[in-house]
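Structure first, commentary second.
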Amino acid sequence: MKKTILKYGAYSLLTAAGLFLIALLIGKSLDYSVQEVIGYVSMALSLIFVFFGIRHYRDNENEGKISFGKALLLGLLISLFAGIGFGIIDYIYTTAINPDFAVEYETKMLADMKATLTPAEYETQSKVLKEQMAQYGGSGFMAFIMFATVLIMGFVISLISGLILQRK
């Protein structure tokens, strides 16, 4: 099982890091909502290795059998690698490549709010956004949020994959 986790985890990590880095570098000129969609697609693509890893383990290392619990565990452990890849690239991006990302994001979101909301709504929503941005803290916390997001998606994909691939 360890060999499968390392192999498919590495595939997932490299895919996650590569796609996320490409999305960050070429997506800088895109709207933040488009960047967000690209980010989620990158997460999903890097997490397809969860399904393939579970299937590989079941078919090639475990005589065609796998319980739901073991499939879920295997998927989560592979997902950890993808989460680490996204977290590392996010941290590098927000510290070395674009350390002003949080300020740029807040400025852009406030400008969008101002253009679309009434003055009263703007006051309320801008206050909420400013509080959220202050709570996010630095790059380390933002990288952790990215890691946790990928891990949650990985859990869901592991659940679905475990249900599909389980055989007793």
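Placing +1 on the Cβ of every Lys and Arg and -1 on the Cβ of every Asp and Glu, with nothing else charged, gives the range 16-133 a dipole about its Cα centre of roughly 360 debye. Farthest towards the positive end of the charge dipole of the chain, among the residues G53, Y122, L14, is the Cα of G53, using unit charges on the Cβ of Lys, Arg, Asp and Glu. When the chain is treated as a GNM with alpha-carbon contacts under 10 Å, the residue of G69, G87, G154 showing the greatest mean-square fluctuation is G69. Protein heavy-atom accessible surface, 1.4 Å probe, per residue over the range 1-103: 51 Å². Grab the beta carbon distance between E61 and T118, set R0 = 45 Å, and tell me the FRET efficiency rounded to 0.05. In this case the efficiency is close to 0.15. Helices assigned as whole DSSP H runs in the chain whose Cα atoms extend at least 18 Å along their own long axis and whose mean Kyte-Doolittle hydropathy is 1.0 or higher are found at 2-26, 68-92, 139-165. Ignoring ligands, DNA and RNA, what percent of the accessible area of the range 101-167 is carbon or sulfur (1.4 Å)? So the carbon and sulfur contribution to the accessible surface is 67 percent. In the P(r) worked out for the range 100-168, what percent of Cα pairs fall beyond 13 Å? Here the tail beyond 13 Å accounts for 73 percent of pairs. A simple spin-label model places pseudo-atoms 7 Å from Cα toward Cβ; at K2 and L14 they are separated by 2.2 nm. If you look at the Cα atoms of the range 20-168, you get an Rg and a Dmax of 19.2, 65 Å.
Pull up the cross-link candidates among the lysines for K127, meaning alpha carbon to alpha carbon under 20 Å and not fewer than 8 places away within one chain. Qualifying lysines at Cα under 20 Å: K108, K114. Mean residue ellipticity at 222 nm, helices only, the chain: -27500 deg cm²/dmol; runs of at least 4 DSSP H residues each add -39,500 (n - 2.57), and the sum is divided by the number of residues. Of the residues E63, E106, E36, which exhibits the maximal mean-square fluctuation in a Gaussian network model of the chain defined by a 10 Å Cα contact cut-off? Ranking E63, E106, E36 by mean-square fluctuation puts E63 first. The slack in the chain from T95 to Q125, taken as 0.36 nm per residue of separation less the alpha-carbon distance, amounts to 8.1 nm. When the Gaussian network model of the chain links Cα atoms closer than 10 Å, the mean-square fluctuations of L25, L151, L80 top out at L25. Ordering L165, Y105, I89 by Cα displacement along the dipole of the chain toward the positive end leaves L165 in first place; charges were set at the Cβ atoms of Lys, Arg (+1) and Asp, Glu (-1).
The values are calculated or read from the model by the stated rules, or taken from the named source; none is laboratory data. The shown structure was predicted, so the numbers you read here are calculated from the model rather than taken from an experiment. Virtual Cβ from ideal backbone geometry, glycine too; neighbours counted across all protein chains shown. These area figures cover heavy atoms from the full protein model, side chains too; ligands, DNA and RNA do not enter into them. Shrake-Rupley method; radii C 1.70, N 1.55, O 1.52, S 1.80 Å.
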